[in-house]
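The structure appears right after this line, and notes come after that.
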Amino acid sequence: MTYDIIFSGFGGQGALFAGQLLAYAAMDAGRFVTWIPSYGPEMRGGTAHCTVIISEEEIGSPLVRNPSTVIALNNPSAEKYEPLLATNGYLFYNSSLVSHPFTRRNIHALAIPGSTAAAELGHAKLLNMVLLGAMLAYVPVLPLEAVEQALDNHIPARRRELLEANKLALRKGIELAQRAVQIPA
Amino acid sequence: MTKELLKGNVAIAEAAVRAGVEAYFGYPITPQTELLEHMSKRMPELGRAFVQAESEVAAINMVYGAASTGKRVMTSSSSPGVSLMQEGLSYIAGSEVPSVIVDVMRGGPGLGNIAPSQSDYFQMVKMAGHGDYKQIVLAPATVQEAIDLTLLAFDLAEKYRTIATVLLDGNIGQLMEPAELPPMRELRQTPPDWAVSGAKGRKKNIISSIHLQPEELETFNHKLQAKLKLIAANEVRYKEYMIEGAELIVVGFGTAGRVAQTAVKLARAQGIPVGLLRPITLWPFPEERLSQLADEARGFLVVEMNAGQMIDDVKIAVAGQCPVEFYGRTGGVVPLPDEVLATIAKLDQATLPANRVAALNG
């Protein structure tokens with residue numbers, strides 16, 4: 001099984017780190033994995049995204065045209081990836097910020113009030129973990145424990161104080177996903 | 001050793017450190033800057049030389065000077081920066097001092113952009129400066145290969161007293177993958193006997209690329225060409241994928257090679273008998289193997305992130321035995337597997353033998 005996932009948001013929302021964390025978890029689980037960022041001029045003030053591919057087999061192209069999963073942290077990301085998402089794909093969007101009206105009927109778009117949840121957890125920066133958790137509830141790429149373990153193993157020392165908060169945010173995401181409104185319902 | 005999640009640029013820098021690079025000279029340019037950044041941290045830490053030069057012209061001449069002393073040296077840059085190094089590269093080639101150059105290619109011509117590209121194939125593979133010479137060109141497609149080929153670049157540069165380059169597109173520089181770094185090598189204790197290392201008690205060594213007498217320069221060139229022939233005979237490297245039973249052969253290097261690999265897999269699933277040859281050395285080029293494959297193949301497809309450069313070398317190898325088609329994207333646009341797949345399907349249709357077409361039409 002191969003999973004291709006795009007994390008997209010404004011620079012600073014943590015899209016790149018959420019993707020890296022998943023990549024670390026995949027590596028620790030012995031999978032093949034690629035993580036590739038957008039590194040163009042759009043990183044300054046615009047959207048930043050990364051593509052993560054996780055597979056049991058050697059990975060060829062590290063880029064995909066039609067991802068099977070998208071995490072959209074802001075409105076431009078939702079607009080950009082709704083048409084590109086593969087048929088029956090999953091799109092988890094930060095409904096606290098995204099106002100984009102989804103029109104496709106052959107995808108699963110899940111509204112996750114990520115910014116609101118992150119604020120309630122005490123730190124706006126936890127948004128990426130809330131959305132990553134939400135994804136884990138639907139996309140069986142890796143178990144939650146593997147991602148939590150990756151946080152323990154790879155989070156830089158200067159960010160250690162947020163370790164437990166990150167784990168709470170992941171779990172909050174799963175909880176929100178389980179009662180999320182799906183479009184189409 | 002365990003695997004780490006490493007970015008291509010950083011992996012190359014750390015691999016060079018572990019290979020025992022003693023001096024690094026460079027100038028920042030996207031998309032290779034992380035390489036220089038990593039060096040700026042690691043080299044002083046180890047008591048080795050890191051110099052951010054005032055320009056790429058200065059950097060390559062510092063490489064020339066330091067290499068002449070027999071030290072293990074390198075520089076890295078991206079396309080426009082490497083253009084500035086052309087003169088220095090030619091002098092280095094003419095002086096036969098081992099040097100390692102990393103080029104993380106970006107979109108051109110001109111200032112172009114910072115997006116991934118393979119448009120410097122001609123520049124690096126055909127001749128990176130004036131005069132008659134070639135340099136070894138190694139083209140990684142994965143982060144692990146980027147590490148392994150950086151090590152190999154130092155070994156080959158020293159073995160043949162030549163320039164060895166690692167040529168990659170910006171994608172491989174920015175890509176993170178699990179990879180394993182080699183253990184730290186011991187630094188060399190004594191300089192090689194040709195080096196300018198202080199002539200006390202021995203005859204002076206002179207490192208120079210000047211031979212004013214035509215006959216003398218011709219003699220040098222004969223010697224240089226003989227060495228290049230030896231490299232061409234011994235150092236060809238490539239990787240094949242699903243080549244068994246392939247009637248169509250896709251050729252691509254670096255990121256284009258990886259994208260083509262996915263397309264080949266998809267095409268095989270549709271029953272198209274196609275395989276991939278991914279050159280790892282661009283010079284020397286796997287000409288002999290391609291020529292062998294051309295004996296049996298119906299057609300070739302060359303995939304590149306440029307307007308068609310390596311295709312010339314494929315055509316030389318195929319020597320008119322079958323059609324050689326091209327698919328490329330330029331300006332920093334990366335081709336995706338579905339585009340390559342469509343081109344493979346088209347080549348399949350166009351080259352089907354008449355009896356099979358008749359069979360298909362019932």
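The values are calculated or read from the model by the stated rules, or taken from the named source; none is laboratory data. Because the structure is a prediction, the values reported are computed rather than measured. For neighbour counting, all protein chains shown are included, and Cβ atoms are generated from backbone atoms with ideal geometry for every residue, glycine included.
So which residues in the stretch B:13-33 are buried (at least 22 other Cβ atoms within 10 Å of the Cβ) and touching a strand residue (DSSP E or B) at 6+ places or on another chain (Cβ under 6 Å), if there are any at all?
B:ALA16, B:VAL21, B:TYR24, B:PHE25, B:GLY26, B:PRO31, B:GLN32
Which one of B:GLN118, B:GLN135, B:GLN123 is in contact (Cβ under 8 Å) with a residue 60 or more places away in the chain and closer than 30 Å to B:HIS211 by Cα? Break it down stepwise before answering.
Details: B:GLN118 fails: closer than 30 Å to B:HIS211 by Cα; B:GLN123 fails: in contact (Cβ under 8 Å) with a residue 60 or more places away in the chain.
Exactly one residue qualifies, and that residue is B:GLN135.
Taking only the stretch B:146-180 into account, find how many residues are surrounded by fewer than 24 Cβ atoms within 10 Å (Cβ to Cβ), part of a loop (DSSP other than H, G, I, E, B) and within 11 Å of chain A (Cβ to nearest Cβ).
Final tally of qualifying residues: 0.
I'm trying to understand the selection: among the residues of the stretch B:254-277, which are surrounded by fewer than 24 Cβ atoms within 10 Å (Cβ to Cβ), assigned to a helix (DSSP H, G or I), of a type in the set (A, V, I, L, M) and away from chain A (no Cβ under 11 Å)?
B:ALA269
Can you tell me which of (1) within 14 Å of chain A (Cβ to nearest Cβ); (2) part of a loop (DSSP other than H, G, I, E, B); (3) touching a Lys or Arg at 6+ places or on another chain (Cβ under 9 Å) is the one B:PRO183 doesn't meet?
Only one criterion in (1) within 14 Å of chain A (Cβ to nearest Cβ); (2) part of a loop (DSSP other than H, G, I, E, B); (3) touching a Lys or Arg at 6+ places or on another chain (Cβ under 9 Å) is unmet by B:PRO183, namely (1).
Identify, by number, the condition in (1) farther than 27 Å from B:ASP132 by Cβ; (2) loosely packed, with under 11 Cβ neighbours inside 10 Å that B:LEU212 doesn't meet.
The one condition B:LEU212 does not meet is (1).
Test B:ILE280 against the criterion of being away from chain A (no Cβ under 14 Å), β-branched (Val, Ile, Thr) and in contact with a Lys or Arg (Cβ under 7 Å, 6 or more places away or on another chain), and give yes or no.
The answer is yes for B:ILE280.
Considering B:ILE243, B:ILE249, B:ILE207, which residue is part of a loop (DSSP other than H, G, I, E, B), more than 14 Å from chain A (Cβ to nearest Cβ) and touching a Phe, Trp or Tyr at 6+ places or on another chain (Cβ under 9 Å)? Spell out how you get there, then give the answer.
On the way: B:ILE243 fails: touching a Phe, Trp or Tyr at 6+ places or on another chain (Cβ under 9 Å); B:ILE249 fails: part of a loop (DSSP other than H, G, I, E, B).
Selected residue: B:ILE207, the only one of B:ILE243, B:ILE249, B:ILE207 that is part of a loop (DSSP other than H, G, I, E, B), more than 14 Å from chain A (Cβ to nearest Cβ) and touching a Phe, Trp or Tyr at 6+ places or on another chain (Cβ under 9 Å).
Can you find, within the stretch A:139-155, the residue that is surrounded by the fewest Cβ atoms within 10 Å (Cβ to Cβ) among those that are in a loop (DSSP other than H, G, I, E, B) and hydrophobic (A, V, I, L, M, F, W, C)?
A:ILE155
Just to verify a result, which residue in the stretch B:278-297, among those that are part of a loop (DSSP other than H, G, I, E, B) and touching a strand residue (DSSP E or B) at 6+ places or on another chain (Cβ under 6 Å), is surrounded by the most Cβ atoms within 10 Å (Cβ to Cβ)?
B:PRO286
When you scan the stretch B:119-131, how many residues do you find that are surrounded by fewer than 22 Cβ atoms within 10 Å (Cβ to Cβ) and part of a loop (DSSP other than H, G, I, E, B)?
Here the count works out to 4.
When A:ALA177 is evaluated against the numbered criteria (1) away from chain B (no Cβ under 14 Å); (2) out of contact with any Phe, Trp or Tyr (no Cβ under 9 Å at 6 or more places or on another chain); (3) not β-branched (Val, Ile, Thr), which criterion, by number, is the only one it fails?
Only one criterion in (1) away from chain B (no Cβ under 14 Å); (2) out of contact with any Phe, Trp or Tyr (no Cβ under 9 Å at 6 or more places or on another chain); (3) not β-branched (Val, Ile, Thr) is unmet by A:ALA177, namely (2).
List the number of the failed condition for B:GLY94; all other conditions in (1) small (Gly, Ala, Ser); (2) free of Cβ contacts under 8 Å to residues at least 24 places away in the same chain; (3) surrounded by 18 or more Cβ atoms within 10 Å (Cβ to Cβ) hold.
(2)
If the Cβ limit is 6 Å and pairs must be 6+ apart or interchain, which residue in the stretch A:156-178 that is touching a residue at least 12 places away in the same chain (Cβ under 8 Å) and surrounded by fewer than 21 Cβ atoms within 10 Å (Cβ to Cβ) pairs with which residue that is in a helix (DSSP H, G or I) and acidic (Asp, Glu)?
Correct list of pairs: A:LYS167/A:GLU148.
Counting only residues that are touching a residue at least 40 places away in the same chain (Cβ under 8 Å) and within 14 Å of chain B (Cβ to nearest Cβ), give me the strands (runs of 3 or more DSSP E) lying completely in the stretch A:28-138 with at least 3 of them.
The strands (runs of 3 or more DSSP E) meeting that bar are A:47-55.
When only residues in the stretch B:99-118 that are surrounded by fewer than 24 Cβ atoms within 10 Å (Cβ to Cβ) and away from every other protein chain (no Cβ under 14 Å) count, which is nearest to B:ALA146 (Cα to Cα)?
Ranking the candidates gives B:GLY108 first.
For A:TYR3, all conditions in the list (1) away from every other protein chain (no Cβ under 14 Å); (2) modelled with pLDDT of 95 or more; (3) over 25 Å from A:LEU151 (Cα atoms) hold save one; what is the number of the exception?
Here A:TYR3 meets the rest and fails (3).
Would it be correct to say that B:GLY70 is under 29 Å from A:VAL33 (Cα atoms), touching a residue at least 24 places away in the same chain (Cβ under 8 Å) and either in contact with a strand residue (DSSP E or B) (Cβ under 7 Å, 6 or more places away or on another chain) or buried (at least 22 other Cβ atoms within 10 Å of the Cβ) (or both)?
Taking the combined requirement at face value, the residue does not satisfy it.
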